[in-house]
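Let me begin by presenting the structure, written as structure tokens, before commenting on it.
The values are calculated or read from the model by the stated rules, or taken from the named source; none is laboratory data. Keep in mind the model is a prediction, meaning the values are calculated, not measured. Here the Cβ positions follow ideal geometry from the backbone for every residue, glycine too, while neighbour counts run over all protein chains shown. When the accessible area is computed, the model is the full protein with side chains, heavy atoms only, and any ligands, DNA or RNA have been set aside. Shrake-Rupley method; radii C 1.70, N 1.55, O 1.52, S 1.80 Å.
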Amino acid sequence: MHCPLCPLSGVSYDELCFHISSAHPEKQRGAQHPARFASTSGRSAGMGSKKPQTPQSCLAGDGCDAAPTGASRVTRDSVRPKPNSTPGSGGSSTGEAAPVTSTLTAWSPKTRQESVRRCVEDKDGLKAKHSEAKQKRRSSPGEEKLFSCPMCALVCSSCFILQEHVELHLQEQHAAEGSTLEACPLSPSASSLSGEKRFECPMCSVVCSDSISLQEHVELHLDHGAAGNSAGSPGSDLKLARQLQQQEEEQRRRLEEDQQEREEFKKLQRQFGLDGSGGYSRQMERTMERDVAKGLMAPAEFHCKRAEMMESLASGVDDGRTRTQGVVRALYEYYQTECKDSVHVWLSADTDHYCSSAGDKGWGCGYRNLQMLLSSLHTTDAYAPLLQEKAVPSIPRVQSMIEEAWRAGLDPHGASHFNQRLQGTRAWIGATEIYALLTSLGISARIIDFHKPTGPGDTHPRLFEWVKQYFKSGRSSRLPPRLIHTSLPPLYLQHQGHSRSIVGMEQKKNGSLCLLLLDPGISASDTRRLLSRDTVSPAVRQVRKFAGSLKHKQYQVVAVHGVMSAEEKQISILNSRTLCAERIP
């Protein structure tokens, strides 16, 4: 809309009404029905969303919004001058502005021309006349009382309009304070000057208008501090993710290691016969059952052999099915007539060979070597009275004898390794179990540990030299004969995974030494070849073992060297709690 009295244009209806009442008050007072601001009940609704204006903003065309909702409406066509009319033409325009409301009177041509001339004057003159008109209205005692805004230059004709106008000022001020409260907090002095109670944050310089806002603000501090402490750095999320990933990988690795350890432990249990799958008798039955299933054994034969096995186990004596007698005597006869390149040959006392059977295959070598040793002790008058059995005991009986030695206090550490139980298992035994059993019978024994190689190529020349001295210990003559059949028991030789029995020593002309070993892994049929003159030579090759054939990292030897008294036996039992082998070197 355009003002009909001055060049003001591009304003709304309410702004035009307020402009006319503010900038041209003398024209309204001179009219027959002057336009006034109506203080209606709808004023607050129209004023609530408008910005308070000053006379300067109205003159600049920024838009005035103080006109009441009940003010008169003036259309753009009714107040805009025609294109061919100019100010000062004395009413020569063809159209007149028609009145459109009851509160704004029609302007006469003379009044309009005067207003147009006044509006085309310069801005300073217009402001001066406005100020002069305001002073004239305020100083006129007979005219209506006007109310000026204490916060701007606006003058209102009603106290109610002034009150609503001032409230708009306060609302704008409060909105500006609320938006800048966090960015620009008030100081305590400013808070006291404003007259309102302020709540200052104890952790920073922010001032809040009420206690609820302060509480929420402090909680933000605490939440941020907790998050900062837990995170530790701006890149805490990435670090936390990496840490969780590392923990998960570590947990997965530990689970895999635990699973692998359990599997390896189960393999070791199966390997050493501690998996609870049964002992000698159970393995024998399974082997015969497989033979029956394959058609290699008749069911009647199965039941017959099973009955014989149970009878033998009940007696505690070996059934002799795997025994080969006269082996050492056959070697003595061989070296008397053959093998002229040997300088010296030492043989142990008569010893029977015991090979593995279907019931102990894969784990019974230690028991079979012990049976060989006991068979030799049975032929020696010094040791025979000490043996509980009149014959060589069976493997289950040997297991029972070792358990009795443990209960007597021998080798508690080894007993705990087997959980104090051997019967009904396929557990391997070694040098310490042989020592415990011999000590429980009152037989003095020693364990010699060759814990590392002492020769080139991981050989053990010290072992061979020690065995030679063992067999020479019973002879005092300076020039021993070429072939010596001693009364010494055989030696129990243990290495990782297997054990054998040393029944002699042979020394060649070039000075090299070789052991004569009986291996429980060799079948009875192969061992019986030593008893025949036609097959003894190739059979002896299986018995001879030179230094280059013994290349295990560690060897242990159990040697019998006498009978103990009751006091010596008790001392040996006490010493076995910290059983230590003789280490060579």
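Restricting attention to segment 390-415, the residues being touching a helix residue (DSSP H, G or I) at 6+ places or on another chain (Cβ under 7 Å) and in a loop (DSSP other than H, G, I, E, B) number 6.
Among residues of segment 395-409 that are touching a residue at least 60 places away in the same chain (Cβ under 8 Å), those with a Cβ under 9 angstrom from a residue that is among the charged types (D, E, K, R), sequence gap 6+ or separate chain, pair up as 395/318; 395/360; 395/368; 397/318; 397/389; 399/421; 409/577.
Every condition in (1) more than 17 Å from residue 351 (Cβ to Cβ); (2) open to solvent by 50 Å² or more (accessible area, probe 1.4 Å) is met by residue 561 except one, and the failing one is (1).
Of everything in segment 416-451 that is of a type in the set (S, T, N, Q) and part of a loop (DSSP other than H, G, I, E, B), the residue that is farthest from the chain's Cα centre (by Cα) is 423.
Do you know which residues across segment 383-398 are more than 58 Å from the chain's Cα centre (by Cα) and farther than 15 Å from residue 348 by Cα? Passing the criteria: 384, 385, 386, 387, 388, 389, 390, 391. Taken over segment 536-564, the residue count meeting the criterion of being over 15 Å from residue 448 (Cα atoms), touching a residue at least 12 places away in the same chain (Cβ under 8 Å) and either out of contact with any helix residue (DSSP H, G or I) (no Cβ under 9 Å at 6 or more places or on another chain) or not aliphatic (A, V, I, L, M) (or both) is 9. Within the option set 295, 278, being touching a residue at least 60 places away in the same chain (Cβ under 8 Å), at positive phi and either surrounded by 12 or more Cβ atoms within 10 Å (Cβ to Cβ) or out of contact with any helix residue (DSSP H, G or I) (no Cβ under 7 Å at 6 or more places or on another chain) (or both) holds for one residue only, 278.
Every test in (1) among the aliphatic types (A, V, I, L, M); (2) more than 30 Å from residue 147 (Cβ to Cβ); (3) surrounded by 13 or more Cβ atoms within 10 Å (Cβ to Cβ); (4) modelled with pLDDT of 75 or more is passed by residue 212 save one, and that test is (3). From the list 337, 287, 324, the lone residue that is in contact with a strand residue (DSSP E or B) (Cβ under 9 Å, 6 or more places away or on another chain) and among the polar types (S, T, N, Q) is 324. If you go through segment 536-548 one residue at a time, do you hit one that is assigned to a strand (DSSP E or B) and open to solvent by less than 60 Å² (accessible area, probe 1.4 Å)? Yes, because at least one residue in segment 536-548 is assigned to a strand (DSSP E or B) and open to solvent by less than 60 Å² (accessible area, probe 1.4 Å).
When segment 389-441 is limited to residues that are of a type in the set (Asp, Glu) and either open to solvent by 40 Å² or more (accessible area, probe 1.4 Å) or modelled with pLDDT under 95 (or both), the one that is farthest from residue 561 (Cα to Cα) turns out to be 404. For residue 356, the conditions (1) free of Cβ contacts under 8 Å to residues at least 60 places away in the same chain; (2) open to solvent by 10 Å² or more (accessible area, probe 1.4 Å); (3) under 18 Å from residue 312 (Cβ atoms); (4) under 58 Å from the mean Cα position of the chain (by Cα) all hold with the exception of (1).
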